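The values are calculated or read from the model by the stated rules, or taken from the named source; none is laboratory data. Worth saying up front: this structure is predicted, and the values here are computed from it rather than measured. Reconstructed Cβ throughout: ideal geometry from the backbone, glycine too, with neighbour counts over all protein chains shown. Note: accessible area is taken over every heavy atom of the protein model, side chains too, but ligands, DNA and RNA are not part of it. Shrake-Rupley method; radii C 1.70, N 1.55, O 1.52, S 1.80 Å.
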Amino acid sequence: MLTRRHFLKAIGGLGALGVSTTAYGFSAPILRLHVARYNISPPQWPAGLELRIAAIADLHACDPWMSLDHIHAIVERTNALKPDMVVMLGDYVAGHRKVTRFIPASEWARVLAGLKAPLGVHAVLGNHDWWEDKEVQREGQGLPIAGRALEAVGIPVYENDAKKLSKNGHSFWLAGLGDQLAYMPARRFRPLRRIGVDDLGATLAKVTDAAPVVLMAHEPDVARRVPSRVALQLSGHTHGGQVRMLGWSPISPSGQQLAYGHIRMNCDVVVSGGLGCSIMPFRLGVPPEIVLVTLGAARPAVA
């Protein structure tokens with residue numbers, strides 16, 4: 001059976017055969033940093049409210065592939081987009097071992113603290129943020145180091161929580177789901193009834209009026225259960241398959257439908273191709289990207 005790990009290792013071997021010009025992970029990825037733009041008008045979205053959301057996903061901070069200098073460049077590029085709000089969709093921690101240094105959470109969090117937007121910077125955690133915290137995995141409780149580092153620099157981390165925000169007299173809710181794969185490695189230590197810390201019902205129960213909802217969820221899989229009450233779901237995790245050819249990702253951990261881009265389900269879903277790499281420091285056909293979603297825009301998006 002072809003797994004994502006085996007596929008990426010096989011593709012990685014092609015780097016020596018001259019494909020490095022199109023393999024984004026083997027060179028300085030910021031040189032090819034892309035802005036993926038989506039203009040979306042969900043039926044639940046109020047007329048007259050145009051909201052620009054910048055989304056950062058899957059940094060996987062490490063040297064040399066996602067250095068502090070690279071993260072600085074991402075912060076500057078994101079700020080230059082002048083979003084109303086920045087959301088960070090998880091997996092700040094490196095997800096592979098082919099590195100020269102794992103960057104401590106306190107260091108990358110200080111750089112991310114440079115993100116600026118009128119409606120704030122908001123975050124959820126990803127599976128690797130949970131998996132790489134061995135103490136949390138053993139104890140089965142607590143906020144991972146990545147989450148504590150973000151909160152220490154003033155960036156709120158949403159764990160099945162929701163907050164009401166407003167722009168130009170229009171209100172909306174920003175909700176953040178706990179990670180759906182948080183305790184997968186903990187099965188080594190004890191039996192588990194479930195591996196996630198996500199609670200979609202409890203999260204949406206905190207929405208107390210009819211204002212539209214924007215949902216942050218690291219893994220896009222939950223979109224199959226998200227009700228039409230939500231206007232937009234923003235996710236990462238898949239890296240667009242990390243290899244994408246002719247609009248198709250050979251390997252996608254969340255299935256082909258939710259591999260990448262804008263998908264219409266019960267709500268609108270945007271899945272970021274992310275910024276860093278997992279398993280192998282290699283990207284083909286899916287450059288590292290910042291996502292810029294404009295909700296309520298009348299004009300078409302230009303990537």
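Helix-only estimate, please: 222 nm mean residue ellipticity of the chain, summing -39500 (n - 2.57) across DSSP H runs of length 4 or more and dividing by its residues, to the nearest 500.
-5000 deg cm²/dmol
How large is the accessible surface per residue of region 151-275, computed with a 1.4 Å probe and reported in Å² as a whole number?
On the way: 5050 Å² over 125 residues.
Value returned for region 151-275: 40 Å² of accessible area per residue.
So what is the relative contact order of the chain, in percent, for Cα pairs below 8 Å that sit 6 or more residues apart? Don't skip to the answer; put the middle values down first.
Details: 730 pairs, mean separation 85.4, N = 303.
It rounds to 28 percent for the chain.
Below 8 Å, C-alpha to C-alpha, sequence gap of six or more: please give me the relative contact order for region 64-178 in percent.
Relative contact order, region 64-178: 25 percent.
Would you work out the Kirkwood radius for region 116-222? I mean one over the mean of 1/r across all pairs of different Cα atoms, in Å.
On the way: mean 1/r = 0.0677 Å⁻¹.
The Cα-based Kirkwood calculation yields 14.8 Å.
Mind telling me which of Pro287, Pro144, Pro118 comes out most flexible in a GNM of the chain, alpha-carbon contacts under 10 Å?
Pro118
Quick one: 3J(HN,Hα) in Hz for region 240-246, Karplus 6.51/-1.76/1.60 with θ = phi - 60°, rounded, Gly and Pro as x.
Whole-Hz 3J(HN,Hα) from phi for region 240-246: x, x, 6, 10, 9, 10, 6.
Go ahead and set up a Gaussian network model of the chain, Cα springs under 10 Å, then flag whichever of Arg148, Arg264, Arg52 fluctuates most.
With Cα springs under 10 Å in the chain, the top fluctuation among Arg148, Arg264, Arg52 is at Arg264.
Given an 8 Å cut-off on Cα distances and at least 6 residues of separation, report the relative contact order of region 161-303 as a percent.
Value for region 161-303: 17 percent.
Once you sort the root eigenvalues of the Cα gyration tensor of region 170-263 as a ≥ b ≥ c, which label holds: rounded (a/c under 1.5), prolate (a/b larger than b/c) or oblate (the other case)?
Values: a/c = 2.87, a/b = 1.14, b/c = 2.51.
Because a/c hits 1.5 or more and a/b fails to exceed b/c, region 170-263 counts as oblate.
Nearest 5 percent is fine: what portion of the DSSP beta bridges confined to the chain is antiparallel?
Roughly 40 percent of the beta bridges in the chain run antiparallel, per DSSP.
Determine, for the chain, the count of lysine pairs separated by eight or more sequence positions (or lying on different chains) whose alpha-carbon distance falls under 19 Å.
Close lysine pairs under the 19 Å cut-off: 8.
Suppose we keep just the alpha-carbon trace of the chain; what are its Rg and Dmax in angstrom?
Just the Cα atoms of the chain yield Rg and Dmax of 18.2, 57 Å.
Among 207-220, 243-256, 90-103, what's the highest-first ranking by average C-beta atoms within 10 angstrom per residue?
207-220, 90-103, 243-256
Where the centre of each part is set by its Cα atoms, how far does region 244-268 sit from region 130-176, in angstrom?
25 Å
Explain nothing, just compute: Karplus ³J(HN,Hα) = 6.51 cos²θ - 1.76 cosθ + 1.60, θ = phi - 60°, for every residue of region 168-182 in order, whole Hz, x for Gly and Pro.
Here the 3J(HN,Hα) series is 6, x, 9, 9, 8, 10, 10, 10, x, 8, x, 5, 7, 10, 3 Hz.
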